[in-house]
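Data first, discussion second: the structure below is written as structure tokens.
The values are calculated or read from the model by the stated rules, or taken from the named source; none is laboratory data. Source: prediction; values computed, not measured. Cβ: placed from backbone, ideal geometry, glycine included. Neighbour counts: every protein chain shown. Each accessible area value is taken on the protein alone, full model and side chains, heavy atoms only, with ligands, DNA and RNA left out. Shrake-Rupley method; radii C 1.70, N 1.55, O 1.52, S 1.80 Å.
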Amino acid sequence: MMQSKNEMKVCFDARSVNEGFARVAVAAFIAELNPTLDEVADVKTAVSEAVTNAIIHGYDDPNEQVQLICKIEENRVEIQVIDTGKGIPDVGKAMEPFYTTKPELERSGMGFAFMEAFMDEVRVKSVVGEGTCVWMCKKIGV
């Protein structure tokens, strides 16, 4: 029996405190798939990294908005984290482990590496001055 589609969209201020909200919102949303604790932790970690990147690297103003879109179809969850901020000049370079544009904040540069490790697919589209969309996908229960 094919499971119906489900979708949610949430916008929140680009404030670090909202990273926890995003994690919990996505975890609650994917509950209908009956994920294991490890699957929930994987998705929450990837979302945390994507949202943190949008907040830290996308914006200088905490009143800007981060958009979180989640879709479920059958046993697959797709997640987009979107900002309309600075954009990434070189996505390939930004996705290299240990690369960070803010070493003064003691950033590890492992955000994209963690996203790729915990999700089945990760794609990044970015335009300088227009923003970034991180798209991630994971099959649950496989």
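Contact annotation: residue pairs with Cβ atoms under 9 Å, 6 or more positions apart or on different chains, pairing a residue in the range 13-37 that is within 30 Å of TYR59 (Cα to Cα) and among the basic types (Lys, Arg) with a partner that is open to solvent by 30 Å² or more (accessible area, probe 1.4 Å) and part of a helix (DSSP H, G or I), are ARG23/LYS44; ARG23/THR45. Residues that are in contact with a Ser or Thr (Cβ under 8 Å, 6 or more places away or on another chain) and open to solvent by 30 Å² or more (accessible area, probe 1.4 Å) within the range 21-49 comprise just one, ARG23. Without any contact (Cβ under 8 Å) to a residue 40 or more places away in the chain and either closer than 18 Å to LYS139 by Cα or among the charged types (D, E, K, R) (or both): which single residue out of LYS44, LYS71, LYS86 fits that description? It is LYS44.
Against the conditions (1) among the aliphatic types (A, V, I, L, M); (2) modelled with pLDDT of 95 or more; (3) open to solvent by 70 Å² or more (accessible area, probe 1.4 Å), MET1 satisfies every one except (2). Based on this model, can you work out whether LEU68 counts as of a type in the set (A, V, I, L, M) and closer than 15 Å to ASP120 by Cβ? For LEU68, the condition - of a type in the set (A, V, I, L, M) and closer than 15 Å to ASP120 by Cβ - is not met.
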